[in-house]
Structures are given as C-alpha cells and as structure tokens.
Amino acid sequence: MVHLITSNTAIKFLRFNTSRLKAFSTAMMEKPEVLMTRCDIAPNVLEELKSRCKLTLWNKESAASRTFLLENIPGKSGIFCFLTDKIDKELLDTAGPNLKVVSTFSVGYDHIDVKECQQRNIKIGYTPDVLTEATAELTLGLLLCTSRRLIEAHEEARTGGWTTWSPSWMTGPGLGESTVGIVGFGRIGQSVALKVKAFNAKNILYFNRSEKQNEAKITGAVKVSFEELLKQSDFIICCCALTKETQNMFNIESFAKMKRTAVFINTSRGGLVDQNALVDALENGTIRAAGLDVTVPEPLPLDHRLFKMSNCTILPHIGSATIEARTAMAKLTLDNLMNALEDKPMPAQLKL
Ligand code: GLV
C-alpha cells in the first residue's frame, strides 16, 4: 500500500515537473537574446529584463570590456547599452543578422555608428525628455559653482584660508544683468534658458542650426551667429550634441573671440572642446573660468593640467544623475528595447 502511494505520487510529481520543464524551455526558446553591458540600474527594471529576455549580462559595476562585447554579441537580437560602449562597425559586423535594436541608456548617441545601424535596419532607442530637467539643473549648478567659486571657497573654509570676512575675497561674476549664450537650443538648452531667466539674466542668446522661434519666445532668447554669441556673452553654455560638425567647435579661435571675463560651461560632450586650447585659454587669462561635466577622456587622468587650475571646476559626467532621471532612463531603455523586439512602436526611437 505504502509502495503504491509512493509510486503514484512519484508519477504525478514527474508528470507535473516535466510539463513545467517543457513550459519553461518553450518560454526560454521564445525569449529574445539580449546583451546588456552594465548591471547597476534600477533593480526592478533589471528584474523585468531578466524575466522577458535571455540576458547575457556584464555583471560588474564598471564599463563592459571590449572583449566581453565582441565575444557575446554574436547572435543577439538586442543590446541594452550605455554611453561607455562603442557600438561601431566592428561590433555590428560581429553581431550578425539577428540584431534588431540598439537601445542606449542615454540621450547622446555619439557612441553609436548611426549610419551603420541604418544600413542594417537596426533600430536605435535613446532617452530624450526624461533627463532634460536633471541635466539643465546640473548645468546651472555647475555654472554657479564655477562663477561663484564654490569649490574653491569650500576648500579655503575647510583648510584655514578663511581668516576673516573680506569684501573682495572669493568674488566672481553674477548671473543677474548678464548676457548668457546657449550653444544648442534643444530640450536641454531651452530648459537652461528658463532657469537662467529666473536668475534675471539681461539677455539670452542662442546659436542653433535651425530657428527655434516658438521655443525661444517664453524666455525671450534671441538667435545669433556663433561668432556673435562668443563675442557678446558673459556666460557661454554648451548644450549641443557631438557630431562631425560640432567636434572641437570650441577651439583656439573660439576662445580668442570670447570676453576675457567669460565663463565657459560644458555639460554635453567633451569632444566639442579642443581641451588643449581650453587649458591655454584658462592659463593665459583668455577667459576667466570653465566648468566641465564632460571631458576627453573620461575619466580625466588625475595628473591632467585642468585639475591643477583653480579656475576650472570638473565634475565626473553627472548631468542626468538624479535618482528620478536615472530610474526613468532605465525604464525607457527597457521599453525601447522590448517594443522593437516585439515589432511595436518604440517610445523614443532615434530618427535622423
Ligand atoms: C548623458 O550624457 C547622456 O547622453 O544621456
């Protein structure tokens, strides 16, 4: 009797588990194969990805190595990547014909060879809008840090340089009544303009490929040539995408056209600036100061000349680093990826 019950139970158990195993393996077979190049994103998004895809994951909190990318991309249908990954011809060739989508956790896409993707019909997803406020906020923070010398002042207070209150010590130019020039008047540039207006800037100028008349109305920003913007602005804020056309647009000639009192801020991409020219401009007093959230390379080597200058504030590429923005970016990158894999419209597809 005991024997009979045991064998019946065993059969039921086996049947049950075989069918579960079948269901599991069918589900696994149907799941798209995806390569993901970092693991330190919002945990719920990572869990969702793991449940919906067969995920090959770089399981360290650092940028994925090139070897990892090249070894693991073959046969994948999608890649969930970051601005630290180079998605170039070699990688796309290695991926093979299954690759349908590159979904990047960034609004910038200069790390992706867009043309090569287009030629292969590979869709690109990115993360506009959800990081606009975070990046514009950081831009203002960096500007004030640089012009009002906040880090220098903190260091003086901390190390005994603060001996008494002094009328001219640690002074810098104010934003009120100033002329602010914004290079690149897209979503982030426009949000920066609004914030600068709240600080009572007298004039807001912008330089952009296309006219942004409607968008400029709310802040009264005026479109001018690049040269005019450089000449007139007290603060020059770089908010444009890195392309072949914009690479090194801030070079010896551009710095020479700026006011000697100008403060230069860059929160978009380091490649927009000829960094040696910037070092010279800061050293020679061609301009007053610079604030950089982006450099070439990243991270900037510790012995770099820019780190030795008291008139240069450097941040480690944290423009979009609010908890809210990074969570929204993770979700949008996931949605872009999954929708493309399921042949549904992507919430934010890069269309150039
Ligand atoms: C940050 O730099 C981004 O492109 O999202």
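Each label point was placed 7 Å from the Cα along the Cα-to-Cβ direction; for residue 309 and residue 71 their separation is 4.1 nm. For the pair residue 151 and residue 39, a Förster radius of 41 Å applied to the C-beta separation gives a FRET efficiency near 0.80, rounded to the nearest 0.05. Counting only aspartates and glutamates at least 8 places from residue 31 when in the same chain, those with an alpha carbon closer than 12 Å to its own are 342.
Region 210-233 and region 302-352 have Cα centres lying 26 Å from one another.
Ellipsoid semi-axes for the chain, based on the Cα gyration tensor and the rule √(5λ), read 49, 23, 19 Å when sorted largest first. Sorting 210, 191, 168 by solvent-accessible area of protein heavy atoms yields 168, 210, 191, largest first, with a 1.4 Å probe. Mean residue ellipticity at 222 nm, helices only, the chain: -12500 deg cm²/dmol; runs of at least 4 DSSP H residues each add -39,500 (n - 2.57), and the sum is divided by the number of residues.
Report, in whole Å, the centroid distance computed from the Cα atoms of region 78-124 and region 30-77. Between the Cα centre of region 78-124 and that of region 30-77, the gap is 14 Å. Listed by chain and number, the aspartates and glutamates placed with their C-alpha closer than 14 angstrom to that of residue 331 are 40, 47, 48, 129; residues fewer than eight positions away on the same chain are left out. Heavy-atom accessible area for residue 105, with the other protein chains in place and a 1.4 Å probe, reaches approximately 30 Å².
Report, in debye and to the nearest 20, how large the dipole of the chain comes out about its Cα centre when Lys and Arg carry +1 and Asp and Glu carry -1 on their Cβ. Walk me through the numbers before you get to the answer.
On the way: 42 positive and 38 negative charges, 184 e Å.
The dipole magnitude comes to about 880 debye.
Projecting the Cα atoms of 194, 171, 87 onto the charge dipole of the chain, computed from C-beta unit charges around the Cα centre, puts 87 farthest toward the positive end.
Kindly report the accessible area of the chain per residue (heavy atoms of protein chains, probe 1.4 Å, no ligands, DNA or RNA), in Å². Let's see the in-between values first.
Values: 18570 Å² over 352 residues.
Roughly 53 Å² per residue, with all protein chains present.
Between 0 and 90 degrees, the angle of helix 43-52 with respect to the longest Cα principal axis of the chain falls at about 40 degrees. In angstrom, the C-alpha Rg and Dmax of region 132-314 are 16.0, 52. Against the longest alpha carbon principal axis of the chain, how many degrees, from 0 to 90 and to the nearest 10, is the axis of helix 275-284 turned? Helix 275-284 and the main axis of the chain meet at about 30 degrees. Along region 130-140 the Karplus relation, 6.51 cos²θ - 1.76 cosθ + 1.60 evaluated at θ = phi - 60°, assigns HN-Hα couplings of 5, 10, 4, 5, 4, 6, 5, 4, 5, 4, 5 Hz to successive residues, with x for each Gly and Pro.
Between residue 226 and residue 48, what FRET efficiency follows from the Cβ-Cβ distance if R0 is 51 Å, with the result rounded to 0.05? Don't skip to the answer; put the middle values down first.
On the way: r = 44 Å, r/R0 = 0.86.
Plugging the Cβ-Cβ distance into 1/(1 + (r/R0)^6) gives 0.70.
Summarising the amide proton neighbourhood of residue 54: residues at separation of 5 or more, or on other chains, whose placed amide H is nearer than 5 Å comprise 33, 34.
Computed from Cα positions, the angle between helix 187-198 and the longest principal axis of the chain comes to roughly 40 degrees.
Quick check on my link table: of 195/259; 115/212; 89/212, which ones sit more than 30 Å apart, alpha carbon to alpha carbon? Check vs 30 Å cut-off fails for 89/212.
Take the alpha carbon atoms of region 128-168, find their radius of gyration, then divide it by 2.2 N^0.38 Å using N residues; give the quotient.
Working: Rg = 14.9 Å, N = 41, 2.2 N^0.38 = 9.0 Å.
Here the answer is 1.66, to two decimals.
Rounded to the nearest Hz, the phi-derived 3J(HN,Hα) couplings of region 205-218 under the Karplus curve 6.51 cos²θ - 1.76 cosθ + 1.60 (θ = phi - 60°) are 10, 9, 10, 8, 3, 9, 5, 10, 4, 5, 5, 7, 4, 4, where x marks glycine and proline.
In order along region 304-311, the phi-based Karplus estimate (6.51 cos²θ - 1.76 cosθ + 1.60, θ = phi - 60°) of 3J(HN,Hα) comes to 5, 4, 4, 5, 8, 9, 6, 9 Hz; Gly and Pro are listed as x.
The values are calculated or read from the model by the stated rules, or taken from the named source; none is laboratory data. Everything quoted here is computed from the prediction, not taken from an experiment. As a convention, Cβ positions derive from the backbone with ideal geometry for all residues, glycine included, and neighbour counts pool all protein chains shown. Each accessible area value is taken on the protein alone, full model and side chains, heavy atoms only, with ligands, DNA and RNA left out. Shrake-Rupley method; radii C 1.70, N 1.55, O 1.52, S 1.80 Å.
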